[in-house]
Amino acid sequence: MKHRYSISDYTENEFDKKDQECEQLLGKIKKLVADAENQSIVIIDGIKYPTSMLWRDVATTALELANYADWFDRYDQKNNSRKD
């Protein structure tokens, strides 16, 4: 699978932006896990949902974080190859 990123996508500004987004996702996943561990029912706008909904959100957020980890790996590879 080829990625559609160009070298210009791996700038310091983009790194800072992705880093901030990743930090927000880390905070979100910590809150979701804590909520999922401590609740049997989730109430959103007066509607009851099973805790499994929170665990799905945990899984989805974890996949988003994995995508960020891949991006940071590619960023490191691109920037380290330019130094060689």
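Laboratory data are not the source of any read-out in this text; all were calculated from the coordinates shown. Because the structure is a prediction, the values reported are computed rather than measured. So basically every Cβ, Gly included, is an ideal-geometry build from the backbone, and we count neighbours across all protein chains shown.
Testing the spin-label approximation: label points 7 Å from Cα along Cα→Cβ at residue 79 and residue 44. State their distance in nm.
A separation of 3.5 nm, rounded to one decimal place.
What span do the alpha-carbon atoms of the chain cover on each of the three principal axes, reported in whole Å from largest to smallest?
The Cα atoms of the chain stretch 55, 26, 20 Å along their principal axes.
Say each of residue 51 and residue 30 gets a label point 7 Å from the Cα, pointing the same way as Cα to Cβ; how far apart are those two points in nm?
So the label points at residue 51 and residue 30 sit 2.1 nm apart.
Under 5 Å between amide H atoms, partner at least 5 residues away or on a different chain: which partners does residue 42 have, H built in plane at 1.01 Å?
Here the answer is 49, 51, since their amide H atoms fall under 5 Å of that of residue 42.
In whole Å and largest first, what semi-axes does the C-alpha gyration tensor of segment 35-84 yield when each eigenvalue is scaled by 5 and square-rooted?
Ellipsoid half-lengths, sorted descending, are 40, 8, 6 Å.
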